[in-house]
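A.B. asks: Would you mind keeping the following structure in view while I ask a few things?
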Amino acid sequence: MRATRDGQAAVRLHLGAAGLATGVLDAVATGAAGTPDLARRLGVPDEQLLGAFLQVLAAAGLVREDAGRWYLADAGRAVVGDDLVRASYEAFAGFHTGLYRHLGELLAGGPRRRDVAEQGAVIARVSAAFEPFVDDVLRDVVAAVSPRRVLDVGCGAGLQLATVLAAAPRAEGVGVDADADAAALARRTLEQRGLGGRATIVQDDVRRLADDRPFDLALLANVVYYVPVEERPALLADVAGRLAPGGTLLVVTTVATPQLFSRHFDLLLRAQQGDMSLPAVDDLTTGLRSAGLRPREPRRIAPGAPLVAVTAVRPT
């Protein structure tokens with residue numbers, strides 16, 4: 001029975017993802033229509049197959065039928081209208097579960113996955129799920145540091161940088177991300193929040209950042225585990241060297257624990273090209289000390305999730 005329940009949950013996950021990927025849910029969202037009209041809108045030649053798909057979406061509560069016309073149900077509206085929900089369907093029906101569909105090939109020595117390299121925008125969007133927890137930490141750090149210059153390394157969609165700049169109205173920020181799509185998302189986020197004039201987004205590796213002015217606060221939020229293990233000391237040393245004396249580095253990261261999602265995420269990382277894995281808390285604090293920083297006690301910030309925040313200060 002547990003396998004059946006899990007299987008039905010998997011069907012719902014992939015059904016929602018298919019509703020988005022095929023454009024069916026978005027098409028219904030533009031206005032109620034019958035199956036023939038939807039088929040014409042979507043360029044689907046097989047109306048019967050589309051009708052069967054719509055019936056499955058209806059059984060899942062995503063659409064509803066009335067007098068031969070299809071309407072978006074409340075659950076479907078939540079999927080279509082919430083980018084975090086959309087990103088979650090894309091990520092979990094995509095590379096998160098794709099890992100297991102192709103694990104046999106990996107174990108047999110097949111080529112490593114490229115999810116981190118190719119799915120940067122989706123990863124950045126789905127990371128927004130942790131924002132309510134991270135935001136509280138960011139505001140606490142801003143209140144303690146009162147930064148004038150902020151560096152966000154691996155800025156993703158720019159959400160953390162936006163939170164910091166909103167909490168520190170006299171600060172300016174620099175966001176750096178190697179992924180072009182993520183950098184574009186960050187620029188859009190900051191512009192939409194009226195913060196574009198106080199932020200610069202750079203698409204590059206932070207170790208090549210041509211900015212010699214010191215930062216009062218640096219962020220590494222959901223980034224460390226995407227850096228190959230052998231490159232982490234150099235990254236931490238580079239970021240530490242960009243801090244002003246007394247400046248603070250805030251690291252937010254999922255860490256290695258016995259929890260299911262932590263073990264899954266660690267496996268996903270280890271399956272990538274490059275030597276990636278989740279850090280252990282002790283290894284993280286040791287790495288910060290080796291970079292010349294003084295880390296404080298790690299703080300768990302999401303109930304039931306292996307997410308921690310560590311602040312580390314550069315000595316004066």
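The values are calculated or read from the model by the stated rules, or taken from the named source; none is laboratory data. This structure is a prediction, so every number in the text was calculated from the model and none was measured. A quick note on method: Cβ atoms are made from the backbone with ideal geometry, for glycine too, and the neighbour counts reach across all protein chains shown. Just so you know, the surface numbers come from the protein's heavy atoms only, side chains and all, with ligands and any DNA or RNA stripped out. Shrake-Rupley method; radii C 1.70, N 1.55, O 1.52, S 1.80 Å.
A.B. asks: Please verify whether residue 150 is part of a helix (DSSP H, G or I) and touching a residue at least 12 places away in the same chain (Cβ under 8 Å), treating the condition exactly as stated.
C.D. replies: Numbers: part of a helix (DSSP H, G or I): no; touching a residue at least 12 places away in the same chain (Cβ under 8 Å): yes.
So residue 150 fails the test.
A.B. asks: Regarding residue 156, is this residue open to solvent by less than 60 Å² (accessible area, probe 1.4 Å), assigned to a strand (DSSP E or B) and out of contact with any Pro (no Cβ under 6 Å at 6 or more places or on another chain)? Show your work before the answer.
C.D. replies: Values: open to solvent by less than 60 Å² (accessible area, probe 1.4 Å): yes; assigned to a strand (DSSP E or B): no; out of contact with any Pro (no Cβ under 6 Å at 6 or more places or on another chain): yes.
No; evaluated as a whole, the condition is false for this residue.
A.B. asks: Any residue in region 118-146 that is within 10 Å of residue 84 (Cα to Cα) and charged (D, E, K, R) sitting within a Cβ distance under 9 Å of a residue that is at pLDDT 85 or above and not in a helix (DSSP H, G or I)? List the pairs, counting only those 6 or more apart or interchain.
C.D. replies: Filtered contacts from region 118-146: 125/156; 125/157.
A.B. asks: Still on this structure, please answer the following. Among helices (runs of 4 or more DSSP H) lying entirely in region 61-134, which contain 2 or more residues that are open to solvent by 70 Å² or more (accessible area, probe 1.4 Å)? I'd like the intermediate steps shown before the answer.
C.D. replies: Details: elements: 74-81, 83-91, 97-101, 103-107, 115-118, 120-126.
Filter on region 61-134 gives 74-81, 83-91, 97-101, 103-107.
A.B. asks: Filter region 44-57 down to the residues that are more than 14 Å from residue 29 (Cα to Cα) and either among the hydroxyl-bearing types (Ser, Thr, Tyr) or free of Cβ contacts under 8 Å to residues at least 40 places away in the same chain (or both) and list them by number. Outline the logic, then answer.
C.D. replies: Looking only at region 44-57, we keep the residues that are more than 14 Å from residue 29 (Cα to Cα), and these are 44-53, 55-56.
Hits for region 44-57 are 44, 45, 46, 47, 48, 49, 50, 51, 52, 53, 55.
A.B. asks: Quick check on my filter: what residues within region 27-53 are farther than 14 Å from residue 16 by Cβ, assigned to a helix (DSSP H, G or I) and among the aliphatic types (A, V, I, L, M)?
C.D. replies: Taking region 27-53 as the starting set, the residues that turn out to be farther than 14 Å from residue 16 by Cβ are 27, 30-52.
Still in the list and also assigned to a helix (DSSP H, G or I): 27, 35-42, 47-52.
Matches in region 27-53: 27, 38, 39, 42, 49, 50, 52.
A.B. asks: Which of the residues belonging to region 236-274 are without any contact (Cβ under 8 Å) to a residue 60 or more places away in the chain, among the aliphatic types (A, V, I, L, M) and surrounded by 15 or more Cβ atoms within 10 Å (Cβ to Cβ)? Reasoning before the result, please.
C.D. replies: Filtering region 236-274 down to residues without any contact (Cβ under 8 Å) to a residue 60 or more places away in the chain leaves 236-238, 241, 253-263, 265-266, 270.
Then drop every residue that is not among the aliphatic types (A, V, I, L, M), which leaves 236-237, 255-256, 260.
Once the filter is applied, which keeps residues that are without any contact (Cβ under 8 Å) to a residue 60 or more places away in the chain, among the aliphatic types (A, V, I, L, M) and surrounded by 15 or more Cβ atoms within 10 Å (Cβ to Cβ), region 236-274 yields 236, 237, 255, 256.
A.B. asks: Further, regarding this structure: Quickly run through region 204-222 and pick out the residues that are within 22 Å of the chain's Cα centre (by Cα) and at pLDDT 95 or above.
C.D. replies: Matches in region 204-222: 217, 218, 219, 220.
A.B. asks: Let me ask you something else. Can you list residue pairs whose Cβ atoms sit under 8 Å apart, with the first residue in region 4-18 being closer than 18 Å to residue 72 by Cα and open to solvent by 70 Å² or more (accessible area, probe 1.4 Å) and the second being not polar (S, T, N, Q) and not in a helix (DSSP H, G or I)? Count only pairs 6 or more apart in sequence or on different chains.
C.D. replies: Taking only residues 6 or more apart or on different chains, the pairs are 12/60.
A.B. asks: Please name all residue pairs, on different chains or six or more residues apart, with Cβ atoms under 7 Å, provided the first residue is in region 287-315 and is in contact (Cβ under 8 Å) with a residue 60 or more places away in the chain and the second residue is aromatic (Phe, Trp, Tyr) and surrounded by 13 or more Cβ atoms within 10 Å (Cβ to Cβ).
C.D. replies: Pairs that qualify, where the first residue is in contact (Cβ under 8 Å) with a residue 60 or more places away in the chain and the partner is aromatic (Phe, Trp, Tyr) and surrounded by 13 or more Cβ atoms within 10 Å (Cβ to Cβ), are 301/133; 302/130; 302/133; 307/130; 307/133.
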